[in-house]
Each structure stands twice: as structure tokens, then as C-alpha cells.
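Trainee: The structure follows.
The values are calculated or read from the model by the stated rules, or taken from the named source; none is laboratory data. Bear in mind the structure is a predicted one, so any value in this text is a computation, not a measurement. Don't worry about glycine lacking a Cβ; one is built from the backbone with ideal geometry, like all the others, and counts go over all protein chains shown. Calculation scope for accessible area: heavy atoms of the full protein, side chains included, ligands and nucleic acids excluded. Shrake-Rupley method; radii C 1.70, N 1.55, O 1.52, S 1.80 Å.
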Amino acid sequence: MTSALFGHGGPWTEADYLALGETPERVELFDGSLYVTPAPTPRHQHLSRRLAGALDPGAETAGLHVLEAVNVRLRPGRMPIPDLVITGEIDFDEPVVDAAAVHLVCEILSPSNASTDRVLKMHYYATAAIPWYLLVEQDTGALHLYRLRGSHYVEQSVTKPGDILHLTEPVIAEINPTALLPRH
């Protein structure tokens, strides 16, 4: 995969990006450029799995799906890989989920990319009109829930360890930030 990246003169098209296939790195496409990060840490993946598990029952009841680390087309040539998404009906055999099918997008903040998740991706997700954005702090499990208002997100709630996030949209779920964290 590295030779495919360095052998390409750019800019990257969506077809070039999808031709890479599955990679061990997380490779995202932003307006002709690739954003490459190493695989997430075990802590990150633990949080992702626990959060998906907390959201699954409510998603199933609502006829929605919780997916981890899938390509989401925000617009042609703009394709991030969010940590989690809640979607409506999709084609499970397609390599891309269109933003129109996404009800909630979630990013778990990593020290190396926190500004990307808090600024760039937040802007891109809002521009794509994804109704809900959930940011999870990796060190504490704190949950920052944002709702789309017009063309930008407004913070709906902050749930810290010791409190419970009571989601009513797009799914019904109760999430305890402390339960997301690995036990030491």
C-alpha cells in the first residue's frame, strides 16, 4: 500500500482512493489529498466496541445500524472513516456509505488527531448535514453530543464520568462514560 501512495502523483480521485482497497492504516480522502493515520490504540478500540454495544439495542429497535470504521461519502472526493456511525438502510456490500444515510457520526478523540476531529471533521460533517455528532474523550470517556442547527453543530450536552447520557435521538440509549473505559 505504501508504494501505491508514494507512486501516485496526486491529486487523488475517489476512484484512486477506492482502488487502494483495505489497508492496515486508516486512510481518508479530503478534497484530493489523503490523510493517513496508524491503526488506533487498544484503548481507542475498546471505547469504540463498548460504545457500539451500548448503541446497538436502541438502533435495532429503531431499525437502524451501528457500524464501526466505514467509508462515509460526505460529497464526491471527501471520504472520512468515522469511528462509529448510526445509519438507516444501506447496501452492506458497497465500500461506501453516503452521508444522507447517516443519522449520527462519532469520533473518539486521539491525542494525535483531536484538532482534526474537533474542527475539520466537525465542519465537514455539518456541511454534509449529518444531524448528530458525538465526540468521545479517550482519557475520561466524557461524551460531547452536538446537534446540527442550520449549517453548524451546537453542543447539546456534555456527559462526564459519573453521569449518564440519555439519548432520545436518533436512538434511545443510556450511556455511562465510566463503563466505556477499560478497567485497570
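Trainee: Mind listing whichever residues of region 121-135 are open to solvent by 10 Å² or more (accessible area, probe 1.4 Å) and in a strand (DSSP E or B)?
Mentor: Correct list: Trp132 only.
Trainee: Counting just the residues of region 97-120 that are open to solvent by less than 20 Å² (accessible area, probe 1.4 Å) and in a strand (DSSP E or B), which one comes out nearest to Val70 (Cα to Cα)?
Mentor: My answer is Val97.
Trainee: Can you confirm whether region 139-154 contains a residue that is in contact with a Ser or Thr (Cβ under 6 Å, 6 or more places away or on another chain), at pLDDT 95 or above and not β-branched (Val, Ile, Thr)?
Mentor: Among the residues of region 139-154, at least one is in contact with a Ser or Thr (Cβ under 6 Å, 6 or more places away or on another chain), at pLDDT 95 or above and not β-branched (Val, Ile, Thr), which makes the answer yes.
Trainee: For the structure I just gave you, tell me whether Asp93 is open to solvent by 30 Å² or more (accessible area, probe 1.4 Å), over 23 Å from Leu167 (Cα atoms) and out of contact with any Ser or Thr (no Cβ under 9 Å at 6 or more places or on another chain).
Mentor: Against the criterion (open to solvent by 30 Å² or more (accessible area, probe 1.4 Å), over 23 Å from Leu167 (Cα atoms) and out of contact with any Ser or Thr (no Cβ under 9 Å at 6 or more places or on another chain)), Asp93 qualifies.
Trainee: In addition: Listed residues Val72, Val97, Val119; which is modelled with pLDDT under 95, closer than 22 Å to Gly32 by Cα and among the hydrophobic types (A, V, I, L, M, F, W, C)?
Mentor: Answer to the check: Val119.
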